[in-house]
1. Name the shape class, rounded, prolate or oblate, that the alpha-carbon gyration tensor gives for the range 43-126, where a ≥ b ≥ c are the square roots of its eigenvalues, rounded holds for a/c under 1.5, and otherwise prolate holds if a/b is larger than b/c and oblate otherwise.
2. With 10 angstrom as the radius, rank 146, 153 by how many other C-beta atoms surround their C-beta, starting from the fewest.
3. For a Förster distance of 45 Å, can you work out the FRET efficiency between the beta-carbons of residue 147 and residue 66, rounded to the nearest 0.05?
4. Quick one: if you stick a label point 7 Å off each Cα along the C-beta vector at residue 177 and residue 100, how many nm between them?
5. Simple spin-label model, 7 Å along Cα-to-Cβ: residue 157 to residue 122 in nm?
6. Modelled label-to-label distance, residue 39 and residue 133, 7 Å Cα→beta-carbon offset: nm?
7. Mind ordering 27-38, 52-63 by average Cβ neighbours within 10 Å, highest first?
8. Rank these for me by crowding, 117, 171, going from fewest to most other beta carbons within 10 Å.
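Laboratory data are not the source of any read-out in this text; all were calculated from the coordinates shown. Being a predicted model, the structure only gives us computed values, none of them experimental. Positions of Cβ are backbone-derived with ideal geometry, glycine not excepted, and every protein chain shown enters the neighbour counts.
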């Protein structure tokens, strides 16, 4: 059973990396499009992002699982409106789960310390190197007026497919070079 789970996880990661391994130019266009969609969907998003010290944009986060699950996505860290570094996100999980989905993700760093910790870490792991609060912007909330209690907040949107769970616990972010 362990060998089967390892094989499923390996096939998933190889497959999603092929789907997600975009060139730098394509990824930059996807990042800008994702930011525009976020700003159009969430009231006050443009002002909120302008106040953040930086934010990571992952245009296509793929997640799939059947008992053993995994996720993969690539994105860019935006500081002062410009992509300064590229990252990959890898996640794995075991437990009751079935399905597949694709979503967009924006993680905002609200303090200089949170951003610095993320940027200087070789592999930044959610729950170990920092905790992330998911924000639900429903109900007409204006993001530009909210005082967040956490120094890192995340927004998942444009979900496609069926798979529950908004948790990023155990996810690992690492810098990548883009051609």
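1. Working: a/c = 2.46, a/b = 1.78, b/c = 1.38.
Prolate, because a/c is 1.5 or more and a/b exceeds b/c.
2. In order of increasing Cβ crowding within 10 Å: 146, 153.
3. Plugging the Cβ-Cβ distance into 1/(1 + (r/R0)^6) gives 0.65.
4. Label-label distance for residue 177 and residue 100, simple model: 3.2 nm.
5. If labels sit at residue 157 and residue 122, their model points lie 3.6 nm apart.
6. 2.5
7. 52-63, 27-38
8. Details: 117 16, 171 21.
Fewest-to-most Cβ neighbours within 10 Å comes out as 117, 171.
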